[in-house]
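Chemist: Below are the structure tokens for one structure; questions will follow.
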Amino acid sequence: MVCVGIPKTVDNDLPITDCSPGFGSAAKYLATCLRETAFDLSSVSRTSRKVFALEVMGRNAGWMTAACALAAEQKGDAPHVLLLPEIAFHEGRFLAKVEEAVERYGHCVVAVSEGIKGLDGEFLSAGVKDAFGHAQLGGVAPIVTNLIGDKLRYKCHWAVADYLQRSARHIASETDVQQAYAVGRAAVEFAIAGKNAVMPAIRRLSDSPYRWDIIEAPLSEVANQEKLLPPEFISADGFGITAAARRYLAPLITGEAYPAFKAGLPDYVRLQNVATPKKLGKKFVV
């Protein structure tokens, strides 16, 4: 049997590959939504709500939450606070950061990872466990906004991006689409060549211009590994990202790859899921 893995996760937590197809488009969607929501919040913050929190996927890895920071064009732009799973949640420091933003900018936008943990190492929001023993996450945005409301008396609103962030094909990153096709094509080529227990991985050659190619990664170095946001990508106060993180993230959301539209809505291809006749002599798993 020949087994070839294909990287694909919006969480962007696979090792070796520079990024995982799906992440760039999800990042683009989140940054766009956060920028638009911030405009709306700023228009009503004088008379109504002061704080908005967006709950983002990612579990233990903060790549998706970090990508929200791309919404900011200049100092003072939203998001004002990132709650990353790599940094333990400290109630006092968080509330002080929110209060500072409201006093300085009139409002505060928070991007919060579903997987943030308290100082005790436990998830702030964890439900029942799945078949693998992993706690089902979700519901941390209302937890932090209720905390803000109780302690700071600010009116808050929250939202959960949920499935929207990983299915928004209408605002896909062109870079991401190109990489998705490239790893898929490479996987088939690896299989035909008889390569086993490997994965096509994206290798970054330069940041600007963003250049990349495809390399071969052993599955033994990918399976059961988790790529977290590195410390050098997290700001000193733990509530933002560094210039290095921005240099990494920015190229991944570049370019537009709009789908065809029909009657005003995206006209997506629907797979028939019909098996094709067997053409290869060996048994392949891709």
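The values are calculated or read from the model by the stated rules, or taken from the named source; none is laboratory data. Predicted model only: the values in this text are computed from it and were never measured. FYI the Cβ positions are ideal-geometry reconstructions off the backbone, even for glycines, and counts take in every protein chain you see.
Chemist: Can you tell me which residue among A260, A250, A217, A236 is touching a helix residue (DSSP H, G or I) at 6+ places or on another chain (Cβ under 8 Å) and on the phi < 0 side of the Ramachandran plot?
Modeler: Unique residue meeting the criteria: A250.
Chemist: Ok, one more. Tell me, which helices (runs of 4 or more DSSP H) lie completely within region 134-201 with 2 or more residues that are charged (D, E, K, R), modelled with pLDDT of 95 or more and in contact with a Pro (Cβ under 9 Å, 6 or more places away or on another chain)?
Modeler: 174-192
Chemist: Here is a follow-up. Does A78 satisfy the condition of being at pLDDT 95 or above, more than 30 Å from V198 (Cα to Cα) and either more than 19 Å from the chain's Cα centre (by Cα) or surrounded by 24 or more Cβ atoms within 10 Å (Cβ to Cβ) (or both)?
Modeler: On the way: at pLDDT 95 or above: yes; more than 30 Å from V198 (Cα to Cα): yes; either more than 19 Å from the chain's Cα centre (by Cα) or surrounded by 24 or more Cβ atoms within 10 Å (Cβ to Cβ) (or both): yes.
Spelling it out, A78 is indeed at pLDDT 95 or above, more than 30 Å from V198 (Cα to Cα) and either more than 19 Å from the chain's Cα centre (by Cα) or surrounded by 24 or more Cβ atoms within 10 Å (Cβ to Cβ) (or both).
Residue-wise test of (1) touching a residue at least 40 places away in the same chain (Cβ under 8 Å); (2) over 19 Å from A27 (Cβ atoms).
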{"residue": "A182", "(1), (2)": "no, no"}
{"residue": "R204", "(1), (2)": "yes, no"}
{"residue": "I214", "(1), (2)": "no, yes"}
{"residue": "K227", "(1), (2)": "yes, no"}
{"residue": "R247", "(1), (2)": "yes, no"}
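Chemist: Can you tell me which of L41, L34, L70, L82 is of a type outside the set (V, I, T), closer than 21 Å to K155 by Cα, touching a Leu at 6+ places or on another chain (Cβ under 9 Å) and outside any loop (DSSP other than H, G, I, E, B)?
Modeler: That would be L34, the only listed residue that is of a type outside the set (V, I, T), closer than 21 Å to K155 by Cα, touching a Leu at 6+ places or on another chain (Cβ under 9 Å) and outside any loop (DSSP other than H, G, I, E, B).
Chemist: Search region 56-68 for residues that are without any contact (Cβ under 8 Å) to a residue 12 or more places away in the chain and pair each with any residue that is in a loop (DSSP other than H, G, I, E, B) when their beta-carbon atoms are under 9 Å apart and the residues are at least 6 apart or on different chains.
Modeler: From region 56-68, no pairs qualify.
Chemist: Another question, then. For region 219-237, state whether one or more residues are farther than 29 Å from E86 by Cα and in contact with a Pro (Cβ under 9 Å, 6 or more places away or on another chain).
Modeler: no
Chemist: Then there is this: Taking into account only those residues within region 204-217 that are more than 25 Å from Y258 (Cα to Cα) and in contact with a strand residue (DSSP E or B) (Cβ under 6 Å, 6 or more places away or on another chain), which is surrounded by the most Cβ atoms within 10 Å (Cβ to Cβ)?
Modeler: Looking at residues that are more than 25 Å from Y258 (Cα to Cα) and in contact with a strand residue (DSSP E or B) (Cβ under 6 Å, 6 or more places away or on another chain), I get A217.
Chemist: Could you please find all residues in region 39-51 being in contact with a Cys (Cβ under 7 Å, 6 or more places away or on another chain) and hydrophobic (A, V, I, L, M, F, W, C)?
Modeler: V51
Chemist: Restricting to region 249-276, name every residue that is among the hydrophobic types (A, V, I, L, M, F, W, C), assigned to a loop (DSSP other than H, G, I, E, B) and without any contact (Cβ under 8 Å) to a residue 12 or more places away in the chain.
Modeler: Scanning region 249-276 gives A260, A263, V269, L271, V274, A275.
Residues checked against (1) closer than 12 Å to A161 by Cβ; (2) in contact with an Asp or Glu (Cβ under 7 Å, 6 or more places away or on another chain); (3) surrounded by fewer than 20 Cβ atoms within 10 Å (Cβ to Cβ):
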residue	(1), (2), (3)
M1	no, no, yes
G5	no, no, no
N12	no, no, no
S20	no, no, no
A31	yes, no, no
L34	yes, no, no
V44	no, no, yes
R49	no, no, yes
A67	yes, no, no
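Chemist: What about V102, is it surrounded by fewer than 21 Cβ atoms within 10 Å (Cβ to Cβ), under 18 Å from the mean Cα position of the chain (by Cα) and farther than 21 Å from L229 by Cβ?
Modeler: Judged against the criteria, V102 is not a match.
Chemist: Restricting attention to region 207-227, does a residue exist that is within 30 Å of K97 (Cβ to Cβ) and β-branched (V, I, T)?
Modeler: no
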